[in-house]
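Step one of this worksheet: look at the structure below.
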């Protein structure tokens, strides 16, 4: 019997396994990943990683490998306009530095992040099974049993579900969710541009939804382009000429000529919040616990916050001789993470509804609000430290750069 089995071998699942194994090497920790071995090397996407998450990756000993492949976000610009407006006034700017030598966020290629975490997990002695899915879950006194798609069964004191927003384990455990769709999809692609971005990220609030330009290494940027679902599907299916013409209307010309590189994909957007983060012998983390709108760029970082809180809960319980899968132990993790997650879910929901429209009175009110924040340095500093995860002083140790 294992001590802990993590279902889902993406960055959140690998980070959860690594956090526990490094702090408690005697525990038998395993990871089950549905994708074949090496599939992660084909992921062209990049993710925004906040300063607090880089501290945790530094504790793991992987950040020094990831950082050279990452692009620091040195400045953030927020605009609010219509697609066809010839001028986009800047209502809000954020300096990207939260402390000496550490920007509030980095853009990290998913390949670099998963590769570094996977290598560290294997070095730590974590068993990783690829190409199998969890098809059955049963909580028993003292253990949980997993049935896999290859017919094998595995037991552990604790199962951690990191298997995505449509989590099969969450459904097997009977955990309900609060869910609704926005009627929007996020188009994700990478563009190459003529001039350097200087590490500046931009969020353009347009009537159909936010259009985010996130800097990558070199003269490249990652886009998260929100459109109504029917329009997003049409754009993704369009030929390159049509797609790039629509892209240029939103992106603008200040970085020169544009060219899309790699795939373009559209993902339906919605809000999904699990009503409980724990059940007997089971803990949810990452998208299995919460899926939010990408308007704030906090989705992955919420998952890393889950990892830090869950790992500290498990390791502290183990050191006290407690059963790490006991529901009473896991309740500490749920208490730690539930409020912050629901607060972020509500915040992104309100922001999306407030800005994804062309209502004139709302536009006047929100632009006044953005301009007011821009004129209050202390408030801006608070917002950027909140976004970077450095505002909370009593959070999990890993997010402060401390070992458990």
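When each of 154, 253 is scored by the number of other beta-carbon atoms lying within 10 Å, the sequence from fewest to most is 253, 154. Computed over the alpha-carbon pairs of segment 350-404, the distance histogram in 10 Å steps reads 20, 32, 27, 15, 5, 0 percent, short to long.
Among 316, 163, 43, the largest mean-square fluctuation in a Gaussian network model of the chain (Cα springs under 10 Å) belongs to 43.
Extension gain, residue 335-residue 380: 0.36 nm per intervening residue step, less the Cα-Cα distance, totals 13.3 nm.
Taking the Cα centre of each part, how many Å lie between segment 99-149 and segment 234-285? The two parts, judged by their Cα centres, are 23 Å apart. Taking every alpha-carbon pair in the chain and binning the separations at 20 Å intervals from zero gives 27, 57, 16, 0 percent. In summary, the convex hull built on the alpha carbon positions of segment 1-83 has an orientation-averaged projected area of 8.6 nm².
In plain terms, the chain from residue 250 to residue 155 could stretch by 29.0 nm, reckoned as 0.36 nm per residue minus the Cα-Cα distance.
As an equivalent ellipsoid, segment 290-343 spans semi-axes of 26, 10, 7 angstrom, where each value is the square root of five times an eigenvalue of the C-alpha gyration tensor, largest first. Residue order for 193, 290, fewest other beta carbons within 10 angstrom first, comes to 193, 290.
The alpha carbon convex hull volume per residue for segment 213-317 rounds to 146 Å³. For segment 158-213, the alpha carbon convex hull comes to 165 Å³ per residue, rounded to a whole number. Going from the fewest other Cβ atoms within 10 Å to the most, the residues 172, 56 appear in the order 172, 56. The reciprocal of the average 1/r between distinct C-alpha atoms defines the Kirkwood hydrodynamic radius, which for segment 240-382 equals 18.8 Å.
With the gyration tensor restricted to C-alpha atoms of segment 38-82, the semi-axes of the equivalent ellipsoid amount to 25, 17, 9 Å, longest first. Kirkwood radius and radius of gyration were both taken over the C-alpha atoms of segment 109-250, and their ratio Rg/Rh is 1.10. Specify the residue with the greatest mean-square fluctuation among 299, 151, 115, computed from a Gaussian network of the chain linking alpha-carbon atoms under 10 Å apart. Answer for the Gaussian network model of the chain: 151. The convex hull defined by the C-alpha atoms of segment 1-153 has an orientation-averaged projected area of 13.0 nm². GNM remark for the chain: springs join alpha carbons under 10 Å apart, and the peak mean-square fluctuation among 361, 44, 72 falls on 361.
Any read-out appearing in this document is the output of simple, stated calculations on the displayed coordinates, not a laboratory observation. The structure displayed is predicted, hence computed values, not measured ones. Cβ atoms come from the backbone with ideal geometry, glycine included; neighbour counts cover every protein chain shown.
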